[in-house]
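**Student:** This structure is in structure tokens; I'll ask about it shortly.
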Amino acid sequence: MEGIDILALVFSSIVLVKMASLFFMPKWIALFSEKVLESSRMMLSGVSAIFIVIVGYIIFSELPIQTILAVMLFAHVLIGLFLLQYPKEVASLTKKIMQDRSKFWLSAVIYVALCLWGLVTILA
């Protein structure tokens, strides 16, 4: 099994468990997410950074940037479809994020770098 297959297997398993939990144990999933988000943000950021490096290494070694950006577009549209169901919450979160932009600089740098890489690759 290749790295990309392992990532797809892990993702599919996590999503199916999450969806089953949302439908059959909504109170448990709410408590679980609350506890996870209450834990140290620094620890969660570190774990996320490790996953970004591992997943990024596998993806970037097996797929061209154009494919990655196309899949990111698909994921963004799917997430947007979900978020459209919560307009007040999204508007409130957007205001909160814009008040303290220092917290999303790393994500913004990664997005800009990926997009520039994609543009250079496609247009070169």
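The values are calculated or read from the model by the stated rules, or taken from the named source; none is laboratory data. If you're wondering where the values come from, they're calculated on a predicted model, not measured in any experiment. Here the Cβ is made from the backbone with ideal geometry for all residues, glycine too, and neighbour counts use every protein chain on show.
**Student:** Please enumerate the residues belonging to the stretch 95-115 that are modelled with pLDDT under 85 and surrounded by 10 or more Cβ atoms within 10 Å (Cβ to Cβ).
**Tutor:** Within the stretch 95-115, just 103 meets the criteria.
**Student:** While we're here: Assuming residue 27 fulfils every condition listed in (1) assigned by TED's automatic domain parsing to the domain that holds residue 105; (2) exposed (fewer than 12 other Cβ atoms within 10 Å of the Cβ); (3) not polar (S, T, N, Q) apart from one, which condition is it?
**Tutor:** Answer for residue 27: the failing condition is (1).
**Student:** While we're looking at this one, here's another question. Please give the helices (runs of 4 or more DSSP H) falling wholly within the stretch 1-95 in which 1 or more residues are more than 19 Å from residue 106 (Cβ to Cβ) and without any contact (Cβ under 8 Å) to a residue 40 or more places away in the chain.
**Tutor:** Counting at least 1 such residues, we get 3-24, 26-38, 65-83.
Residue by residue, here is whether (1) at negative phi; (2) exposed (fewer than 12 other Cβ atoms within 10 Å of the Cβ); (3) assigned by TED's automatic domain parsing to the domain that holds residue 2 holds:
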| residue | (1), (2), (3) |
| --- | --- |
| 33 | yes, no, yes |
| 39 | yes, yes, yes |
| 43 | yes, yes, yes |
| 57 | yes, yes, yes |
| 119 | yes, no, no |
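**Student:** Between a first residue in the stretch 97-124 that is of a type in the set (Ser, Thr, Tyr) and a second residue that is surrounded by 11 or more Cβ atoms within 10 Å (Cβ to Cβ), which pairs have beta carbons less than 6 Å apart while being 6 or more apart in sequence or on different chains?
**Tutor:** Close Cβ pairs (under 6 Å, with a partner that is surrounded by 11 or more Cβ atoms within 10 Å (Cβ to Cβ)) amount to 121/65.
**Student:** Something else about it: Do we have any residue at all in the stretch 78-88 that's among the hydroxyl-bearing types (Ser, Thr, Tyr) and outside the structural domain of residue 118 (by TED's automatic domain parsing)?
**Tutor:** No, there is no match, as no residue in the stretch 78-88 is among the hydroxyl-bearing types (Ser, Thr, Tyr) and outside the structural domain of residue 118 (by TED's automatic domain parsing).
**Student:** Among 75, 70, which is within 18 Å of the chain's Cα centre (by Cα), surrounded by 12 or more Cβ atoms within 10 Å (Cβ to Cβ) and closer than 26 Å to residue 3 by Cα?
**Tutor:** The conditions single out 70.
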